[in-house]
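Colleague: One structure follows; several queries about it will come next.
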Amino acid sequence: MSAPNKSYDPVEVEALKPEEIERMRDEALAAFAAADTLDALQEAKVAHTGGTSPLALANREIGALPPQAKAEAGKRVGMARGAVSKALAARQAELEAERDARVLVEEAVDVTLPHDRTPAGARHPLTTFMERVADVFVAMGYEVAEGPEVEAEWFNFDALNFTPDHPARQMQDTFFVQGPQGADAGGESGVVLRTHTSPVQARALLERREPPVYIVCPGRVYRTDELDATHTPVFHQIELLAVDEGLTMADLKGTLDHMVQALFGADMKTRLRPNYFPFTEPSAEMDMVCYVCRGESVGNPDRPCRTCGSEGWIELGGCGMVNPKVLTACGVDPQKYSGFAFGFGIERMLMFRHNVEDMRDMVEGDVRFTRPFGMEI
Ligand code: DAH
């Protein structure tokens with residue numbers, strides 16, 4: 001190792017000249033002052049205090065100086081570096097304070113502002129009511145089944161024992177999408193918008209092959225009616241089908257009573273009146289006790305009931321024991337199995353359950369109608 005060079009004059013070492021050190025310090029201070037963001041300050045910090053900064057390089061020269069010169073140069077450089085790091089810390093604190101103040105303003109939340117003014121939507125009462133009805137049956141072990149709305153004429157009519165010349169097949173009742181209609185068609189099947197949810201009965205039986213079959217089928221159906229206060233060309237039905245060994249009309253009646261009690265209250269009941277449907281035998285029209293007057297308007301002129309016309313009963317829909325011809329058409333042995341079915345319109349039921357007077361309110365999508373039903377899910 002070489003001994004210190006006693007004749008070495010620090011003034012001659014360019015980097016250690018006092019004015020050079022001052023210049024380095026002033027440049028650093030100017031760079032910090034000019035940095036207007038924390039990122040820019042970080043760059044200036046690396047340039048003026050890092051390992052290859054002018055002051056760090058000058059510091060490295062000190063070691064080679066003679067003792068006296070070493071002390072002087074060391075003091076000078078040390079003071080300059082001290083001033084630089086002090087200025088850096090001060091600028092750092094300044095910029096951080098500015099950032100914090102800015103963040104406070106930019107990210108401020110005015111808790112006095114009115115909250116979300118867009119009203120939350122509500123599910124349509126038809127949807128929620130249909131789900132509610134389906135739930136009553138799901139709770140009894142039924143499965144929810146679905147079928148297409150654009151349906152084969154065969155499923156909509158033939159499989160359900162509608163004769164080829166049945167009036168329901170005519171254009172004035174049914175939207176035909178394609179193809180032939182009944183008697184004029186020479187046995188060919190067209191395509192219709194389903195006029196009821198009953199074709200799902202045939203689909204379920206054919207899909208499952210072997211009973212027991214317990215299904216509930218809510219869905220949209222179509223008929224060529226004009227939209228008015230009591231009709232709409234697109235409406236909803238819910239269909240029920242049970243096929244098993246030993247089912248009787250008593251099972252049907254018990255199931256209907258349970259349904260109206262679950263939907264309208266424990267004291268509700270139903271009654272059956274003879275009727276005709278091609279796909280049930282025997283068939284019946286089902287009524288339930290009037291939801292509004294509970295039968296008290298009957299023979300009581302002081303308390304007339306608009307909902308049931310003071311009849312005491314409201315007609316709900318059709319039902320019956322599945323016609324053996326339908327079971328046979330769907331590959332089920334009518335000797336072994338029997339079944340019951342029923343179907344009814346959801347709009348009608350919703351109308352008297354909630355005193356809706358005009359069917360159009362249910363299809364027009366005006367939120368003033370749906371909102372009072374709330375967000376029931
Ligand atoms: N599909 C019939 C209609 O739309 C209603 C109906 C009647 C359904 C009797 C049934 C039933 O399941 O058994 O008018």
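Colleague: Looking at this structure, is Asp225 at pLDDT below 95 and either more than 13 Å from the ligand (Cβ to nearest atom) or surrounded by fewer than 18 Cβ atoms within 10 Å (Cβ to Cβ) (or both)?
Modeller: yes
Colleague: I've got another one for you. Report yes if Phe344 is in contact (Cβ under 8 Å) with a residue 40 or more places away in the chain and within 16 Å of the ligand (Cβ to nearest atom), otherwise no.
Modeller: yes
Colleague: Could you pull out the residue among Met321, Met362, Met349 that is closer than 25 Å to Leu240 by Cβ and away from the ligand (no atom under 15 Å from the Cβ)?
Modeller: Exactly one of Met321, Met362, Met349 is closer than 25 Å to Leu240 by Cβ and away from the ligand (no atom under 15 Å from the Cβ), namely Met362.
Colleague: Against the definition (part of a loop (DSSP other than H, G, I, E, B), away from the ligand (no atom under 16 Å from the Cβ) and aliphatic (A, V, I, L, M)), how does Val332 come out, yes or no? Give the derivation first.
Modeller: Working: part of a loop (DSSP other than H, G, I, E, B): yes; away from the ligand (no atom under 16 Å from the Cβ): no; aliphatic (A, V, I, L, M): yes.
For Val332, the condition - part of a loop (DSSP other than H, G, I, E, B), away from the ligand (no atom under 16 Å from the Cβ) and aliphatic (A, V, I, L, M) - is not met.
Colleague: For the stretch 134-176, enumerate the residues that are within 14 Å of the ligand (Cβ to nearest atom) and not in a loop (DSSP other than H, G, I, E, B).
Modeller: Answer for the stretch 134-176, where residues must be within 14 Å of the ligand (Cβ to nearest atom) and not in a loop (DSSP other than H, G, I, E, B): Phe137, Glu151, Phe155, Asn156, Ala159, Leu160, Pro167, Ala168, Arg169.
Colleague: Can you name every residue in the stretch 228-264 that is surrounded by fewer than 15 Cβ atoms within 10 Å (Cβ to Cβ) and of a type in the set (Ser, Thr, Tyr)?
Modeller: Thr230, Thr248
Colleague: Would it be correct to say that Ala108 is surrounded by fewer than 17 Cβ atoms within 10 Å (Cβ to Cβ), within 60 Å of the chain's Cα centre (by Cα) and not in a helix (DSSP H, G or I)?
Modeller: When the stated conditions are applied, Ala108 passes them.
Colleague: If you check Tyr291 against the conditions, is it of a type outside the set (A, V, I, L, M) and either within 25 Å of Pro125 (Cα to Cα) or surrounded by 20 or more Cβ atoms within 10 Å (Cβ to Cβ) (or both)?
Modeller: Yes, satisfied.
Colleague: Is there any pair linking a residue in the stretch 271-296 that is under 27 Å from Ala159 (Cα atoms) to one that is modelled with pLDDT of 95 or more and acidic (Asp, Glu), with Cβ under 6 Å and at least six apart or on different chains, and which?
Modeller: Arg273/Glu285; Asn275/Glu285
Colleague: For the stretch 265-284, what are the residues that are surrounded by 15 or more Cβ atoms within 10 Å (Cβ to Cβ) and under 14 Å from Val322 (Cα atoms)?
Modeller: Phe277, Pro278, Phe279, Thr280, Glu281, Ser283, Ala284
Colleague: Residues to consider are Glu153, Glu131, Glu146; find the one that is surrounded by 11 or more Cβ atoms within 10 Å (Cβ to Cβ), more than 24 Å from Ala242 (Cβ to Cβ) and either without any contact (Cβ under 8 Å) to a residue 12 or more places away in the chain or not assigned by TED's automatic domain parsing to the domain that holds Thr37 (or both). Can you show your working first?
Modeller: Details: Glu131 fails: more than 24 Å from Ala242 (Cβ to Cβ); Glu146 fails: more than 24 Å from Ala242 (Cβ to Cβ).
Of the residues listed, the single one that is surrounded by 11 or more Cβ atoms within 10 Å (Cβ to Cβ), more than 24 Å from Ala242 (Cβ to Cβ) and either without any contact (Cβ under 8 Å) to a residue 12 or more places away in the chain or not assigned by TED's automatic domain parsing to the domain that holds Thr37 (or both) is Glu153.
Colleague: Of the residues Leu316, Leu272, only one is assigned by TED's automatic domain parsing to the domain that holds Leu240, at pLDDT below 95, in contact with an Asp or Glu (Cβ under 8 Å, 6 or more places away or on another chain) and within 16 Å of the ligand (Cβ to nearest atom); which?
Modeller: That would be Leu316, the only listed residue that is assigned by TED's automatic domain parsing to the domain that holds Leu240, at pLDDT below 95, in contact with an Asp or Glu (Cβ under 8 Å, 6 or more places away or on another chain) and within 16 Å of the ligand (Cβ to nearest atom).
Colleague: Let me confirm something: among Val289, Val243, Val298, Val260, which residue is within 14 Å of the ligand (Cβ to nearest atom), assigned by TED's automatic domain parsing to the domain that holds Arg169 and of a type in the set (A, V, I, L, M)? Before you say what the answer is, go through the steps one by one.
Modeller: Working: Val289 fails: within 14 Å of the ligand (Cβ to nearest atom); Val298 fails: within 14 Å of the ligand (Cβ to nearest atom); Val260 fails: within 14 Å of the ligand (Cβ to nearest atom).
That would be Val243, the only listed residue that is within 14 Å of the ligand (Cβ to nearest atom), assigned by TED's automatic domain parsing to the domain that holds Arg169 and of a type in the set (A, V, I, L, M).
Colleague: Among the numbered criteria (1) closer than 19 Å to Val46 by Cβ; (2) surrounded by 12 or more Cβ atoms within 10 Å (Cβ to Cβ), which one does His124 miss?
Modeller: Result: His124 fails condition (1) only.
Colleague: Please enumerate the residues belonging to the stretch 199-212 that are in contact with a strand residue (DSSP E or B) (Cβ under 9 Å, 6 or more places away or on another chain) and within 13 Å of the ligand (Cβ to nearest atom).
Modeller: Listed by number, the residues that qualify are Pro199, Val200, Gln201, Ala204, Leu205.
The values are calculated or read from the model by the stated rules, or taken from the named source; none is laboratory data. Bear in mind that the values here come from a model prediction, so they are computed numbers and not experimental data. Using ideal geometry, Cβ is built from the backbone for each residue, glycine included, and neighbour counts are taken over all protein chains shown.
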